[in-house]
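Have a look at the structure below before the remarks.
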Amino acid sequence: MRSKQDTDINSVDWQPFYVTLKLAVATTGLLIVLAAPLAYFLAYARFPGKSLIEALVNLPLALPPTVIGFYLVVFMGPKGAAGRVWEAVTGGSLLFTFLGIVVASTLYSLPFAVQPLKAAFQRIDRRLMESAYVLGLSRVATFLRVIIPNSASGIAAAAILVFLHCMGAFGVLLMVGGSLPGETKVASIAIYEAVEAMKYREAGLMSLCFIPISYAFLLLVNRLNRGA
Amino acid sequence: MVRRSGCGWVLLLVSVLWLIPVSVSAQEKLNAAVAANFIQAFTEISQAFERKTGVKVEATFASTGSLYGQIVNGAPYDLFLSADEDRPARLNREGAGERPFVYARGRCVLWSARKDFCRARDWRTALRGEDVKRVAIANPETAPYGTAARTALVKTGLWEALKQKWVFAQNIAQAFQYASTSATEAGFCAYSSVMSDEGKKGCFYRLEEAPAIVQSACILKRTPHRAAAEAFAAFLASPEADAIKARYGYQ
């Protein structure tokens, strides 16, 4: 019985999981770096029309993945604006590459990074920042040396949320990925294709792997939030 | 108090309306699960059928693989129009479907939105072109048109030789979408999509090396509208339906 299960596990192709993990790590890293200044700006800047920018940042939350996916195929393609710029700079194509799905999920996960970061930045005691300014630190230095270290748990929460969101991404990747093995074929798509090909056992095993991983990360988020 | 009860009436009215089916007419309606390549032809055929009999046929379009999955899991369709022979035969063996019948024979083509793509001597030379970086193909594991395209590519030795060019679409409609938005330079599509308005803007090669895609259909045993389903099955083979199918390149 045991050995039979073992061979079944071995018959599953694990490469899509590796791609999923790689995608989640890359997107999380990129997004935290990009979202931190944006969140800082949204947390403290005051200007007319701020709510317009805030709504724009949150738009991926309210749009169906199909809408985002449809436009991304057009914009990242060889005739789209992003695709043409990319091709001029690098000589390669952006769509149907690993980097292409990183761009797609970065855009798609943007609110998941910005919202927790903004909340964390707003929780910081203003007096801390004022002391930093009084002591002669520049805005950038204050951001890097006072605000960021004091928002560690918020940054971690944002990172984990983005990470989980990327692991679960499906619709956008289905539309822009092209399902290239080892490149854009992530686990969620591999499961979908296994179901379509009537490989239910393989689909079941892969699905089963998702639950403990996602659960463990959610527990971790809880922990960090309580620590904050 | 009065205001309150007024509110209650509105709530009650809304919940009652919620329960009424959207369509209250007694018109009979069929639900068909239809393979994505047959979209345009099916829409015309079902309209002709409705004009003739008054029975409306609503279709769900998806890849053959996912429709099969839905049916096995109890989706309430009356008919299944597959893009292969295998899955209706399976449903028949498993007891979910009646005896399958062939309703169309489709052809696989290599289509591009760029007219200059078709200046090459043949499709094999066109595919080898330096500027052809990506070519969309429907997933050969699940989409019959993808399987046919792969057969032609394997036969001509291009499947391995040009491996880095293939981009896999979930079904034949997505393969066409990738090619028509120029996300890929070309795509293996159904002959039927070449006949659409969008398809006429581009150009295509016939794939003689690809086998014809024999598409069969079956009535599902769970249908409560057996007579109407049988009438539609018969209509699918009528000269009127054949003329529509021919217009979309089916044989």
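The values are calculated or read from the model by the stated rules, or taken from the named source; none is laboratory data. Owing to the predicted nature of the structure, the values given are computational and were not obtained by experimental measurement. We place every Cβ from the backbone using ideal geometry, glycine too, and count neighbours over all the protein chains shown. Heads up: the accessible areas ignore ligands, DNA and RNA and are worked out on the full protein's heavy atoms, side chains in. Shrake-Rupley method; radii C 1.70, N 1.55, O 1.52, S 1.80 Å.
A few remarks follow.
- Enumeration of residues in segment A:40-78 that are outside any helix (DSSP H, G or I) and farther than 28 Å from A:Leu94 by Cα: A:Ala45, A:Arg46, A:Phe47, A:Pro48, A:Gly49
- All conditions in (1) at pLDDT 70 or above; (2) in a loop (DSSP other than H, G, I, E, B) hold for B:Val22, with the sole exception of (1).
- Some residue of segment B:41-50 being open to solvent by 10 Å² or more (accessible area, probe 1.4 Å), touching an Asp or Glu at 6+ places or on another chain (Cβ under 9 Å) and not acidic (Asp, Glu): yes
- Selected residue (criterion: surrounded by the fewest Cβ atoms within 10 Å (Cβ to Cβ)) from residues of segment B:179-210 that are away from chain A (no Cβ under 14 Å) and among the hydroxyl-bearing types (Ser, Thr, Tyr): B:Ser196
- With respect to the stated conditions, B:Thr151 is surrounded by 16 or more Cβ atoms within 10 Å (Cβ to Cβ), at pLDDT 95 or above and in a helix (DSSP H, G or I).
- Counting only helices (runs of 4 or more DSSP H) wholly contained in segment A:112-228, the ones carrying 2 or more residues that are within 30 Å of A:Ser93 (Cβ to Cβ) and of a type in the set (A, V, I, L, M, F, W, C) occupy A:152-168, A:171-176, A:187-196.
- Of residues in segment A:66-80 being open to solvent by 40 Å² or more (accessible area, probe 1.4 Å) and over 17 Å from B:Arg134 (Cβ atoms), the one farthest from the other protein chains (Cβ to nearest Cβ): A:Val67
- Listed by first and then second residue, the pairs linking a residue in segment B:39-56 that is charged (D, E, K, R) to a residue that is crowded, with 16+ Cβ neighbours inside 10 Å and not in a helix (DSSP H, G or I), with Cβ atoms under 7 Å apart and 6 or more places separating them unless they lie on different chains, are B:Glu50/B:Lys56; B:Glu50/B:Val57.
- Residue in segment B:155-173 that is among the small types (Gly, Ala, Ser), within 13 Å of another protein chain (Cβ to nearest Cβ) and open to solvent by 20 Å² or more (accessible area, probe 1.4 Å) present: yes
- Of everything in segment A:169-187 that is closer than 21 Å to B:Ala173 by Cβ and surrounded by fewer than 21 Cβ atoms within 10 Å (Cβ to Cβ), the residue that is nearest to the other protein chains (Cβ to nearest Cβ) is A:Leu180.
- B:Pro140 meets the conditions (1) within 14 Å of another protein chain (Cβ to nearest Cβ); (2) in a helix (DSSP H, G or I) in every case but one. The failed one is (2).
- When residues of segment B:107-131 are limited to those that are of a type in the set (A, V, I, L, M) and in a strand (DSSP E or B), the one surrounded by the fewest Cβ atoms within 10 Å (Cβ to Cβ): B:Val109
- Test: residue in segment A:135-154 that is touching a Gly at 6+ places or on another chain (Cβ under 7 Å) and either of a type in the set (Phe, Trp, Tyr) or at pLDDT below 90 (or both): yes
- Residue in segment A:99-112 that is of a type in the set (Gly, Ala, Ser) and surrounded by fewer than 18 Cβ atoms within 10 Å (Cβ to Cβ) present: no
- Top-ranked residue of segment B:173-192 - restricted to ones that are in a helix (DSSP H, G or I) and in contact with a Ser or Thr (Cβ under 7 Å, 6 or more places away or on another chain), ranked as nearest to B:Ala120 (Cα to Cα): B:Ala179
- Picking from residues in segment B:211-244 that are outside any helix (DSSP H, G or I) and touching a Ser or Thr at 6+ places or on another chain (Cβ under 9 Å), the one that is most open to solvent (accessible area, probe 1.4 Å) is B:Pro211.
- Pairs with Cβ under 7 Å, 6+ apart, first in segment A:153-170 and β-branched (Val, Ile, Thr), second open to solvent by 10 Å² or more (accessible area, probe 1.4 Å): A:Ile155/A:Ile32; A:Ile160/A:Phe217; A:Ile160/A:Leu220; A:Ile160/A:Val221; A:Val162/A:Thr28; A:Val162/A:Phe112
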